[in-house]
Structures are given as C-alpha cells and as structure tokens.
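The next block holds one structure in the form of structure tokens; read it before the comments.
Values quoted throughout were computed directly from the atomic coordinates according to the rules given, and no laboratory measurement underlies them. For clarity, every value in this text was computed on a predicted model and none was experimentally measured. Because the Cβ atoms are built from the backbone with ideal geometry, glycine has one as well, and the counts that use them run over all protein chains shown.
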Amino acid sequence: MDAMSLEEAAGLQSVSGKSFRDEVLDDLAIFETTFFRCEFVNCIFDGGRIGLSTFHDCQFIGCSFRDAKLQSCRFSGEEETQRCTWSRCDLSNAVLLKCDVSHNVFADCLGFMLRLEDCDAGEAQLKLDVQRQINHRHIMGGFSCVRTKLQDADLNGLNLESSTFEFCDLRGANLIGCNLSSASFAGSNLNGTRLTRAVLTGASIAHAQIDELDLTEALTTDDLTISRDQQEKVLAQFRIRVLN
C-alpha cells in the first residue's frame with residue numbers, strides 16, 4: 001500500500017488501497033469520505049469527528065479513538081467480506097451514533113464507557129475490555145448501547161458489569177459466560193439471547209421481552225430485577241407456583 005497522509009485523505013471523496021501509519025490527528029474532522037481496503041496502524045484519532053463516511057474492508061490496528069465521535073458512518077458493505085477489523089484499538093469514551101459496524105471484528109480492544117446509539121452491530125464480534133485497572137485498582141466502567149441492533153452478536157465471556165442495553169435488539173446474541181452484574185436491559189428484546197454460565201447478580205431485565213429467554217442457563221440470578229408483567233414467565237421457568 002502506498003503511503004498518504006490522513007489530512008490529505010480527509011479532503012478527498014474516495015480513497016482506495018492506502019496505508020496510514022503513526023499519525024497523530026487529535027480533533028481531526030473527516031466527513032463524506034469513502035475508504036476502501038485501507039489500513040490504519042497506530043493512528044491517533046482522539047477527540048476527532050468522523051461523519052457520513054464509509055469504510056469498506058479496512059483494518060484498524062493499534063489505533064486510538066478516545067473521546068472521538070463517529071456519526072452516520074458505515075464500516076461494512078453489501079457483502080460480509082467488506083466488514084472492517086479492529087485490533088488492539090482504544091475506543092474508551094468514544095460515541096458511535098447511527099453507525100453500521102455489523103459483521104465487524106473487534107479483537108483485544110478497549111471500550112471503557114464506549115457508547116453505541118442507534119447503531120447496527122448485528123453479528124459483530126465484540127472482544128472489548130470495558131473496565132479499567134489503574135495501579136491494581138478496579139474502576140467500574142462498562143459500556144452502553146441505546147436502540148442498537150445486536151442480533152447474533154458475539155460478546156462471549158466479557159466482563160460487562162454495570163453496562164446498559166436500553167431498547168436494544170439482542171435476539172440470538174452470545175452472552176455465554178459474561179459478567180452481567182448490575183447490568184440493565186430495560187426495554188430490550190432478549191428472545192433467544194444465550195446466557196449459559198452468565199452472572200446476572202443485581203441485573204435488571206425489567207420491561208424487556210423475555211418470551212424466549214432461558215434464565216435457568218445463567219450461573220446466578222441473585223437480586224435480579226424484573227417487572228410485574230414478567231412475573232409469571234420467570235416463575236414458570238424456575239417451576240415456582242404462587243397460591244392465592
């Protein structure tokens with residue numbers, strides 16, 4: 001791949017087959033640019049604004065998007081092979097608004113306080129560390145999703161303590177072995193969500209759709225909060241009967 005500066009690329013409508021390395025572009029704005037088969041290695045987008053842009057079959061390796069805002073961006077194409085991959089990237093405190101990251105692969109990335117709002121993350125592989133350790137001290141973080149599609153997404157084994165999923169579609173999502181302590185799923189669709197060995201201590205599924213959710217697969221449901229309309233379904237799963 002031939003080298004080109006990101007600042008130059010930001011002024012173009014279309015960029016194909018380029019490599020961007022070790023660029024520090026705090027507060028850079030990129031709007032209405034299409035990147036095709038580009039790679040971004042050790043680039044710093046902290047505090048940047050990226051909007052109405054498209055990324056097809058791109059790679060982000062060791063990049064930082066701390067406090068960045070990505071709005072109305074697409075990181076996938078009509079075919080699954082046009083998805084993007086993210087490796088060892090830092091998305092802490094970033095906001096993704098109306099973005100399409102479906103089928104994307106996030107590997108060994110940081111996502112402390114990451115927020116997805118009105119996004120499509122269907123069938124994405126989300127290997128994110130959403131907590132933070134400073135001097136051996138655990139700082140509670142989590143990440144939040146609002147009105148986001150997460151059907152068949154893979155979050156297997158993540159520590160999602162204190163994370164929030166508000167009005168999200170989690171049908172078929174893989175939450176096997178996740179720590180969901182104090183997590184909230186208010187108004188979300190949890191039908192078919194896989195919870196084998198998941199920890200739901202102090203979690204809330206109040207007002208979520210749970211007709212096809214198997215809570216008995218969870219490792220623990222201590223102090224689980226449900227809404228009154230869910231009472232019969234939950235009691236039936238655990239074979240509990242209430243006498244008048």
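Computed values, structure above
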| quantity | calculated |
| --- | --- |
| Anisotropy class of segment 136-244 from Cα gyration tensor, a/c 1.5 cut | prolate |
| Option label - Cα Rg over 2.2 N^0.38 Å computed here, alternatives [x] 1.21; [y] 1.05; [z] 1.10 | [z] |
| Length-normalised contact order for segment 17-131 - Cα pairs under 8 Å, 6+ apart - percent | 19 |
| Taking the chain and dividing mean pair separation by its residue count, relative contact order in percent (alpha carbons under 8 Å, at least six apart) | 9 |
| Antiparallel bridges, percent of DSSP beta bridges restricted to segment 111-244 (to nearest 5) | 15 |
| Antiparallel content of DSSP bridges confined to segment 26-167, in %, to 5 | 5 |
| Positive minus negative residues near CYS99 (Lys, Arg vs Asp, Glu; Cβ under 14 Å) | +4 |
| Lysine pairs in the chain with Cα atoms under 28 Å, if 8 or more residues apart or on separate chains | 10 |
| Cα gyration tensor of segment 161-215 - equivalent ellipsoid semi-axes, whole Å, descending | 15, 13, 9 |
